[in-house]
Every structure is written in C-alpha cells, then in structure tokens.
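Notes for the one structure printed next.
The values are calculated or read from the model by the stated rules, or taken from the named source; none is laboratory data. Quick caveat, the model's predicted, so the values are computed rather than measured. All Cβ positions, even for glycine, are placed from backbone atoms using ideal geometry, and neighbour counts span all protein chains on display. These area figures cover heavy atoms from the full protein model, side chains too; ligands, DNA and RNA do not enter into them. Shrake-Rupley method; radii C 1.70, N 1.55, O 1.52, S 1.80 Å.
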Amino acid sequence: MSRQPLRLAVLEAQRVLTDAGVASPRVDAELLAAHVVGVPRERLPMVPLVDPPVVEALRVLVSQRAQRVPLQHLTGTAAMGAIEVAVGPGVFIPRPESETLLAWGLAALQGVTQPLVVDLCTGSGALALALAHARPDAQVHAVERDPVALSWARRNAEARAAAGDTPVVLYAGDVADPGLLGALDGMAYLVLCNPPYVPVGTPLPPEVALHDPPAAVFAGHDGLAVISEVVRTGTRLLREGGSIAIEHDDSHAVAVPALLAARRVLTDVADHVDLAGRPRFATARRTTLPVSPGPVSPGLPSRPEP
Ligand SMILES: C[S@@+](CC[C@H](N)C(=O)[O-])C[C@H]1O[C@@H](n2cnc3c(N)ncnc32)[C@H](O)[C@@H]1O
C-alpha cells in the first residue's frame, strides 16, 4: 500500500477522541502520533507521509485512548520539571498542577548548598527525581507506602542515576509511622509532598477513577486523612528555617493552612494557586525563633508534638 498523509490520520484521531469525550482531543491525537512516529510533537509537520503500519499503530492507540485509558499509559511517560518518568498501571500519573509545587520548592532552596530534601508520598518518584535533577548538590530522600508504586519509583530512580543525576534514596514507609525517617529528624531543609487528597465519593473522570490507584487519590471523607499525618511527620523532619510544601484539593485552601498554623514551630503559613489559578498547595517554614511552651492546663498532659 502507498504511504499516507500523517495530517489526515491525526485529523481522524482527533475526531474519534472528540466523540469519546476526551478533554483535549487535538493535543492527545498529536502526542499519540508523535509517539508512534518517534519524533517530538513540534516536529510532526516535518513528517508529511507515513507507512500504513504507522497509521494502524496510531489507530490502535487512539481506540484505547477513546476508551479513556490515560494518554501517559499509552506513551509510557509523564513529565515533571525538566525530566520524564516512566508510568503505567499501578502508579499515580504525575500532574502538571504539581509543577508549581516543585518550582516553589526549588525557589525555597535558593542560596542553600547541599540541602537535605524529603519527598513524602513519592509515587513514581517524579517530584524527588525532578528536584535531584535540578539540584545535583541536594541529598534527596523519598518515601512511598505502596509496593507497586515503589517499584516504579525504583525503576525511575535507576534510570535517572544512570543518566547522571545524583541518586535519590528511596524508602518503603507510611507517613503515619511516628518513627518514619527518624534518623533525619530536624535535618530537612525542604519537605515536599503531593499526597492523596480527594474526598471519598468525589466524582472523577474515567482516566482517574479507573486507572490511578485509589490509595493514591482518596484520603477519607474530607480528603485530609493523609495530609494531617504529612503535617505531623514533615514538621518533625524540618530543621530550623526549613520549608514544607503540601499539595491539596482546591477545596482545602483554608483547611491545610490551618493544619500547618496549628503547629507552634511553623511560621509564614501561606496558600498558593496552580497554573489554572486554583488553590493547590500550602507552605510553611520552621521558625528560627525560640518557641514558647504554650498554655499548660493543670492535670492535662503537655502537648507531645512540635
Ligand atoms: C497523589 S499520589 C502522588 C505521587 C507523586 N508525589 C506525584 O506527584 O506524582 C500519592 C502517593 O502517596 C502514596 N501514599 C498514600 N498514602 C500513603 C502513606 N500513608 N504513606 C506513604 N505514601 C502514601 C500513594 O501510594 C501514592 O503513590
């Protein structure tokens, strides 16, 4: 059979994805075409004609995408900062929303040399590895509870180390464990976290509901079950002057800053919006000032936590 115009195959892909209710049909059609052809998306115009097997490979991927399989499961990668990580079934797909969290964390490290950084709830390792790529002098530690997600993180960490990045230290662990990373207590200059934070029962698109692991998405009736543990553990890990940044649901613009403000050793609590202007992450800094003991009620135990 003769070679065919790629432009027409992309138009057909866009039509199929539009009919399937995919949110960004043109972008997805072009990204799938670029994946099949093996060129960056911006170079598609340089590929006017393709062989019939290429058109067929695109058609197969488009029909899977039309069944709402996530684009990143079909291409096998997701971007974070200046790197890409491998993703697939069993691990949360890193989101563009988290780029602002990463950028804030990198800005918080400006002027600090050889900072110790902790990424709690690391999933594929995206935030930890993007940070290690941007800051080769940082010592980055990352924690994940789910063994399947952790195996994706290991694979990505090995790939990034092989590409020349400073290796990231991975841990199997639960942020609710009071002994988690005990050897690093009071040492972190930055704690980053994109935890599960969606309230149970929230309707979600099929890409998320059917393909992201539920434990990576949902966190109790109010979405705060894991974040409250992250605040406790993250505060313990911070050194004086160190910063914590926690991604949250857009309904949490008051609740998560309030959890941070409730910690007497944290100061400069703020909430931040993502690239779409929605409330997306809260930050705080561990004070360098002496902390007063706070009110003590006779007969009650004194507050055990920082
Ligand atoms: C929303 S995903 C984010 C993954 C990654 N940080 C990213 O931005 O792509 C949350 C991750 O936290 C993990 N997780 C959930 N509960 C946890 C817990 N209690 N302790 C440690 N990890 C947990 C999930 O398995 C999941 O991989």
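Restricting the stretch 216-231 to residues that are open to solvent by 50 Å² or more (accessible area, probe 1.4 Å) and in contact with a helix residue (DSSP H, G or I) (Cβ under 9 Å, 6 or more places away or on another chain) leaves a set whose member that is farthest from Q64 (Cα to Cα) is D222. When the stretch 58-71 is limited to residues that are crowded, with 18+ Cβ neighbours inside 10 Å and assigned to a helix (DSSP H, G or I), the one that is nearest to the ligand (Cβ to nearest atom) turns out to be L71. Exactly one residue out of V112, V140, V148 is part of a loop (DSSP other than H, G, I, E, B) and assigned by TED's automatic domain parsing to the domain that holds P196, and it is V112.
Considering only residues that are more than 10 Å from the ligand (Cβ to nearest atom) and either free of Cβ contacts under 8 Å to residues at least 60 places away in the same chain or open to solvent by 50 Å² or more (accessible area, probe 1.4 Å) (or both), which ones fall in the stretch 72-98? The answer is Q72, L74, T75, G76, T77, A79, G81, A82, E84, P89, P96.
Taking the criterion of being in contact with a Cys (Cβ under 7 Å, 6 or more places away or on another chain) and part of a strand (DSSP E or B), would at least one residue in the stretch 170-187 satisfy it? Checking the stretch 170-187: not a single residue is in contact with a Cys (Cβ under 7 Å, 6 or more places away or on another chain) and part of a strand (DSSP E or B).
Residue by residue through the stretch 13-32, note down the ones that are over 12 Å from L44 (Cβ atoms), open to solvent by 50 Å² or more (accessible area, probe 1.4 Å) and in contact (Cβ under 8 Å) with a residue 40 or more places away in the chain. Passing the criteria: D19, A23. The residues of the stretch 263-276 that are open to solvent by less than 50 Å² (accessible area, probe 1.4 Å) and within 16 Å of T100 (Cβ to Cβ), listed by number, are A270, H272, D274.
Conditions tested, residue by residue: (1) in a loop (DSSP other than H, G, I, E, B); (2) within 15 Å of the ligand (Cβ to nearest atom); (3) out of contact with any His (no Cβ under 8 Å at 6 or more places or on another chain); (4) in the same structural domain as A157 (by TED's automatic domain parsing).
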site	(1), (2), (3), (4)
P196	yes, yes, yes, yes
E207	no, yes, yes, yes
L210	no, no, yes, yes
V230	no, yes, yes, yes
E240	no, no, yes, yes
S243	no, no, yes, yes
A253	yes, no, yes, yes
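Somewhere in the stretch 53-63, is a residue in the same structural domain as A162 (by TED's automatic domain parsing) and out of contact with any strand residue (DSSP E or B) (no Cβ under 7 Å at 6 or more places or on another chain)? No, every residue in the stretch 53-63 fails to be in the same structural domain as A162 (by TED's automatic domain parsing) and out of contact with any strand residue (DSSP E or B) (no Cβ under 7 Å at 6 or more places or on another chain). Only one of L190, L204 is at pLDDT 95 or above and open to solvent by 50 Å² or more (accessible area, probe 1.4 Å). Can you tell me which? Just a single option satisfies the conditions, and that option is L204.
Yes/no matrix, rows are residues, columns are (1) under 30 Å from V69 (Cα atoms); (2) more than 12 Å from the ligand (Cβ to nearest atom); (3) open to solvent by 20 Å² or more (accessible area, probe 1.4 Å):
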{"position": "A172", "(1), (2), (3)": "yes, no, yes"}
{"position": "L237", "(1), (2), (3)": "no, yes, no"}
{"position": "A258", "(1), (2), (3)": "no, yes, yes"}
{"position": "A261", "(1), (2), (3)": "no, yes, yes"}
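For the stretch 148-170, a residue qualifies if it is away from the ligand (no atom under 11 Å from the Cβ), in contact (Cβ under 8 Å) with a residue 24 or more places away in the chain and either of a type in the set (V, I, T) or more than 21 Å from P89 (Cα to Cα) (or both), and the qualifying residues are D165, T166, P167, V168, V169. Of the residues making up the stretch 40-55, those that are assigned to a loop (DSSP other than H, G, I, E, B) and either open to solvent by 40 Å² or more (accessible area, probe 1.4 Å) or of a type outside the set (V, I, T) (or both) are P40, P48, D51. Listed conditions (1) open to solvent by 20 Å² or more (accessible area, probe 1.4 Å); (2) more than 8 Å from the ligand (Cβ to nearest atom); (3) touching a residue at least 40 places away in the same chain (Cβ under 8 Å) are all met by Q110, apart from (3). Scanning the stretch 1-12 for residues that are open to solvent by 90 Å² or more (accessible area, probe 1.4 Å) and closer than 25 Å to P206 by Cα turns up nothing.
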